[in-house]
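The next block holds one structure in the form of structure tokens; read it before the comments.
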Amino acid sequence: MFHKLYLIYGVLILSMVGFAEFRGWSLDSMNQLHNVPRSVRDNPGSYRSVYSSYHHYTGGK
Amino acid sequence: MSADTPPAAAQPKPITKALNCPGCGAPITLRALGQALSVVCESCHAILDAKDPNLKILQSFRKITSSDPPLIPLGTRGKIRGNDYEVIGFERRSITVDDIGYRWHEYVLFNPYKGFRYLTEYQGHWNDVAVCKEQPIVDSRLRIPLEANYLGEVYKHFQTADATTELVLGEFPWQVAVGEHAQLTDLICPPRVLSMERVSGEMTWTIGEYMYGREIWNAFRLSGNPPDAVGVYENQPSSFTTNVKQVWIAFALFALLILALMAGFEIQANSQPVFHAGYQLNQGEPRGESSFVTDTFELTGRTASVEVSTSADVSNNWIYVNYALINQDTGQAWDFGREVSFYSGYDSDGSWSEGGQHDSVVVPSVPPGHYYLRIEPEADALHPRIVYTLDVKRNVPVYEFYGIGVVALLLPPIFITWRSMIFERSRWSESDHPPNPIFNINTSSEDDD
């Protein structure tokens, strides 16, 4: 019984991995926006990134 | 268990006979007439010679030995392995191990055409038992076999103990006696148990198969519920143990399939480069608008991933780039920031380094179309000039998914292996070969020093 359930589970996992890869999913996080104005192409400064206030790591041991 | 061999194929029709106990005068019904050797009076528990026409008393008691009514009343009929049987005898036996007494019950079943078979019950665990059809193969040099081969199956020694018959009721195909001692040796191959019984030089082999209480209740159409099974019995099958090997084989198969899937996507993905450019960030120049956009590039094919890689000649400094991948046609955008930083040095522990001069990020599910990147770099003002390059690739494999898939596939086999180990430890802890404790707690005084 458990063996059959595992077979179903395994097929499900393989399908999910295959689907994620086929659809080009990613584990990286990013912000998605819609309707960015065409004027950004001519005036890049008019666009404000949500990541612009990032606090930079200055490294060092 | 002592037992005669089953009767020959040509059997007489079932004959029963009503007699009276010569001890107390209570009526006695002989159900296995001609085949039972002993019969016990249900009233005074006197053991009578079933072969004697006058039921000669073989063993009598001043008072009734004890009260322990059988769970399946004598005379109850039921179907076991497709054949009808009647319960004609009942006995209680016990062993003592480490000053602890263990009691179990045995039922004698009779079918005039099939002969005798037996049921045993211990704390809700049942076994369907029959006399072996052939002698198991054992190492004849050993008085107590550590292993036996019966009909191609290997049985491992579980326990040897001296059993005492405490109570008998009904008819038996052997000369039964209360207080009789026998040496019992159980060898197991779950769900079966091979038992060797020695009584005054005579040796009998029986083969038993585990049955659940509900199966017994259904077979004999008993009312109520069977007693709950307590603990793990010596030959109790474990659904986990029987599945461990199969599940690991299935896991190996899935692991191969996931490798094939990865190879397939790797070949199909081919990670097409769609854009490459080099830039320079000059912090020393007069400050103005630092953001700019790249040329337009086309992403073709189906919706797929896009990898944006940044390489910079940073050394003990950093560059941070705000990116926006923008679809020129639809206005859809993916906004993300990436840092490339690399630090190294030397201290009392030796040389060290952290970070790197390369970074990449995968943008998920990007539809085909015309795109450009808006780029806004930042860097430490102390490092006036940083050269960095940008590479964009279409349809790149994300290996993390395969890793997650393998981990997800591994969890069930690990779980059932662990459960199986717990089950087997519990089983063998009751045997003559208990497993070593997982945690060996040493309480000697040396530890306190």
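Scanning for something in the same structural domain as B:LYS51 (by TED's automatic domain parsing), under 29 Å from B:ASP99 (Cβ atoms) and of a type in the set (Asp, Glu), does segment B:148-160 turn up at least one residue?
There is no residue in segment B:148-160 that is in the same structural domain as B:LYS51 (by TED's automatic domain parsing), under 29 Å from B:ASP99 (Cβ atoms) and of a type in the set (Asp, Glu).
Tell me which of these B:ASP228 doesn't satisfy, since it passes every other one: (1) more than 21 Å from the chain's Cα centre (by Cα); (2) exposed (fewer than 13 other Cβ atoms within 10 Å of the Cβ); (3) of a type in the set (Asp, Glu).
Going through the list (1) more than 21 Å from the chain's Cα centre (by Cα); (2) exposed (fewer than 13 other Cβ atoms within 10 Å of the Cβ); (3) of a type in the set (Asp, Glu), B:ASP228 breaks only (1).
Please go through segment B:177-187 and pick out each residue that is without any contact (Cβ under 8 Å) to a residue 60 or more places away in the chain and either surrounded by fewer than 19 Cβ atoms within 10 Å (Cβ to Cβ) or in a strand (DSSP E or B) (or both). It would help to see each step written out before you state the result.
From segment B:177-187, those without any contact (Cβ under 8 Å) to a residue 60 or more places away in the chain are B:179-181, B:183, B:185-187; that's our starting set.
Within segment B:177-187, B:GLY179, B:HIS181, B:GLN183, B:THR185, B:ASP186, B:LEU187 qualify.
Pick from B:LEU55, B:LEU74, B:LEU119: which is buried (at least 20 other Cβ atoms within 10 Å of the Cβ), at pLDDT 95 or above and assigned by TED's automatic domain parsing to the domain that holds B:ASP162?
Selected residue: B:LEU119, the only one of B:LEU55, B:LEU74, B:LEU119 that is buried (at least 20 other Cβ atoms within 10 Å of the Cβ), at pLDDT 95 or above and assigned by TED's automatic domain parsing to the domain that holds B:ASP162.
If A:HIS3 satisfies all but one of (1) part of a helix (DSSP H, G or I); (2) at pLDDT 85 or above; (3) not hydroxyl-bearing (Ser, Thr, Tyr), what's the number of the condition it fails?
A:HIS3 satisfies every listed condition except (2).
Considering only residues that are modelled with pLDDT under 90 and loosely packed, with under 14 Cβ neighbours inside 10 Å, look in segment B:246-276 and name the one that is farthest from A:GLY10 (Cα to Cα).
Ranking the candidates gives B:PRO273 first.
From the list B:GLU166, B:GLU209, B:GLU215, exactly one residue is among the acidic types (Asp, Glu) and either part of a helix (DSSP H, G or I) or in contact with a Phe, Trp or Tyr (Cβ under 9 Å, 6 or more places away or on another chain) (or both). Which is it?
Values: B:GLU166 fails: either part of a helix (DSSP H, G or I) or in contact with a Phe, Trp or Tyr (Cβ under 9 Å, 6 or more places away or on another chain) (or both); B:GLU209 fails: either part of a helix (DSSP H, G or I) or in contact with a Phe, Trp or Tyr (Cβ under 9 Å, 6 or more places away or on another chain) (or both).
It is B:GLU215.
Report yes if some residue within segment B:141-158 is of a type outside the set (Asp, Glu), closer than 19 Å to B:TYR85 by Cβ and buried (at least 17 other Cβ atoms within 10 Å of the Cβ); otherwise report no.
No: segment B:141-158 contains no residue that is of a type outside the set (Asp, Glu), closer than 19 Å to B:TYR85 by Cβ and buried (at least 17 other Cβ atoms within 10 Å of the Cβ).
Determine which member of the set B:SER200, B:SER223, B:SER195, B:SER238 is in contact with an Asp or Glu (Cβ under 7 Å, 6 or more places away or on another chain) and among the small types (Gly, Ala, Ser).
Criteria check complete, one pass: B:SER195.
Collect the residues in segment B:308-337 that are within 9 Å of chain A (Cβ to nearest Cβ), under 52 Å from the mean Cα position of the chain (by Cα) and not aliphatic (A, V, I, L, M), keeping them in residue-number order.
Passing the criteria: B:TYR323, B:GLN332, B:TRP334, B:ASP335, B:PHE336, B:GLY337.
Consider B:GLU289 carefully, then state whether it is under 30 Å from B:GLY356 (Cβ atoms), away from chain A (no Cβ under 14 Å) and either at pLDDT below 95 or not in a strand (DSSP E or B) (or both).
In short, no.
Collect the residues in segment B:383-406 that are within 25 Å of B:PRO273 (Cα to Cα) and away from chain A (no Cβ under 12 Å), keeping them in residue-number order.
B:ILE386, B:VAL387, B:TYR388, B:THR389, B:LEU390, B:ASP391, B:VAL392
The values are calculated or read from the model by the stated rules, or taken from the named source; none is laboratory data. Predicted, not measured: the structure shown is a model, and the values here were computed from it. No Cβ is skipped: glycine too gets one built from the backbone with ideal geometry, and neighbour counts run over all protein chains shown.
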